[in-house]
1. Does segment B:153-161 contain any residue that is assigned to a helix (DSSP H, G or I) and modelled with pLDDT under 95?
2. What do you reckon, is B:Leu103 within 30 Å of B:Glu169 (Cα to Cα) and modelled with pLDDT of 95 or more?
3. Report whether or not B:Arg240 is surrounded by fewer than 23 Cβ atoms within 10 Å (Cβ to Cβ) and either of a type outside the set (D, E, K, R) or part of a helix (DSSP H, G or I) (or both).
4. Suppose we keep only residues that are crowded, with 22+ Cβ neighbours inside 10 Å and free of Cβ contacts under 8 Å to residues at least 60 places away in the same chain within segment B:119-130. Which one would you say is farthest from B:Met81 (Cα to Cα)?
5. Within segment B:158-175, identify whether any single residue is under 30 Å from A:Asp5 (Cβ atoms), hydrophobic (A, V, I, L, M, F, W, C), surrounded by 15 or more Cβ atoms within 10 Å (Cβ to Cβ) and free of Cβ contacts under 8 Å to residues at least 40 places away in the same chain, and answer yes or no.
6. Residue under question is B:Val115, and the condition is that it be at the interface with another protein chain (Cβ under 9 Å from one of its Cβ atoms), in a helix (DSSP H, G or I), buried (at least 24 other Cβ atoms within 10 Å of the Cβ) and under 20 Å from the mean Cα position of the chain (by Cα); does it hold?
7. Regarding B:Ala179, is this residue of a type outside the set (Phe, Trp, Tyr) and either crowded, with 16+ Cβ neighbours inside 10 Å or at pLDDT below 95 (or both)?
8. Which residues, taken from segment B:55-77, are in contact (Cβ under 8 Å) with a residue 60 or more places away in the chain, part of a helix (DSSP H, G or I) and either within 18 Å of B:Arg237 (Cα to Cα) or more than 8 Å from chain A (Cβ to nearest Cβ) (or both)?
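The values are calculated or read from the model by the stated rules, or taken from the named source; none is laboratory data. The model shown is predicted, which means the values in this text are computed figures rather than measured ones. No Cβ is skipped: glycine too gets one built from the backbone with ideal geometry, and neighbour counts run over all protein chains shown.
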Amino acid sequence: MTYVDAGYVVALVALAVYALSLVGRERAARRRLGGQAAHRPGGPAARPGRPGGRLGGGSR
Amino acid sequence: MSSTTANAVAAPVPAAPGGAGRAGHQPRGAWRGRLVAATGGAALLGIAATVWLGLWVTPPDVYMGNLVRLLYIHPPIAWVMYLAFGLAMLSSLGYLWPRTRDLRFDRLAGAAAEVGVVFTGLTLVTGSLWGRPTWGTYWTWDPLLTTTALLFVLYLGYLALRRVPGEPEARARRAAIGAVVAFVDVPICYFSVYWWRSLHQLPSVTAGKSYIHGSMAWTMLLGFVSFTLAFVWLVVRRYRLAGLAQAEEADGLALALAERRAEGEADAVGRPPGPAPLVEHGVGLR
């Protein structure tokens, strides 16, 4: 592997890992928030048709 | 952004960032979501095209040979680094200015700075990989390299500062001041190649002049556009995540308080008067 190849690999892999980590963390946070809303006494998620509660099932 | 404070309960819980918070706002949220997805897709395609053009289509340079191929990604990544820290500074000023004070500016500054730190690390690594065969060393205390490394450390410190516990407003205020102070190094870093003519070459492309032409120039331009789009996408995703973390803090604390209240009411029925013990549920006492 040349220095050029190494530079491209490092840059692309690092950006891909960071981007995927952001997507994963956002999904996990939405799941946790959905769970919290469902456990809240009288929370909106208790009503049918709103799985994510206040957060809706919004765009991810 | 993970510390929980009592004031978080009083603070208004933000609507789901980037999401469709209320039923009446569904089309707007969906439109915004599609725009972000399109930006991410365009960035991905652009970066793939830059890699293809940079590694297989463009010719080697007369002087640098194949090493010139690193210049299709190194300057664009460095440009994004400056852009990120500029956005963090402007957002911080937006927060510090009393008329525009809003925690959304604080979240935007944090998101831009974090992405900027990633790009600063990549600037240093790709630069070192270019420097080894060109200068014979991965690292030298050249003014540009040194000030870039200083930028990296300064903004790592800024990110650490953001995690120091405190009331949201106090946290945001000190972080904003930190971002403005850290930004002082950005112009020093950029102009260091002009002020102290040292080992690092001058920029290949400046406002009025370009030292590369033809397919090489177009490939570099594509790199600039693609990495800028990637930056926009990453900042939006990070900003959303920060909003969710803030909502999570507020939700977790509200839930814990509701549980304690319910336990207190239940205890009041069957217990003698006195302070109710805290029950270890591990839900709210984070």
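1. Taking every residue of segment B:153-161 in turn, none turns out to be assigned to a helix (DSSP H, G or I) and modelled with pLDDT under 95.
2. Here the answer is no, as B:Leu103 does not meet what is asked.
3. no
4. B:Leu129
5. No; the residues of segment B:158-175 include none that is under 30 Å from A:Asp5 (Cβ atoms), hydrophobic (A, V, I, L, M, F, W, C), surrounded by 15 or more Cβ atoms within 10 Å (Cβ to Cβ) and free of Cβ contacts under 8 Å to residues at least 40 places away in the same chain.
6. Against the criterion (at the interface with another protein chain (Cβ under 9 Å from one of its Cβ atoms), in a helix (DSSP H, G or I), buried (at least 24 other Cβ atoms within 10 Å of the Cβ) and under 20 Å from the mean Cα position of the chain (by Cα)), B:Val115 qualifies.
7. yes
8. Within segment B:55-77, B:Val57, B:Val68, B:Leu71, B:Tyr72, B:Pro75, B:Pro76 qualify.
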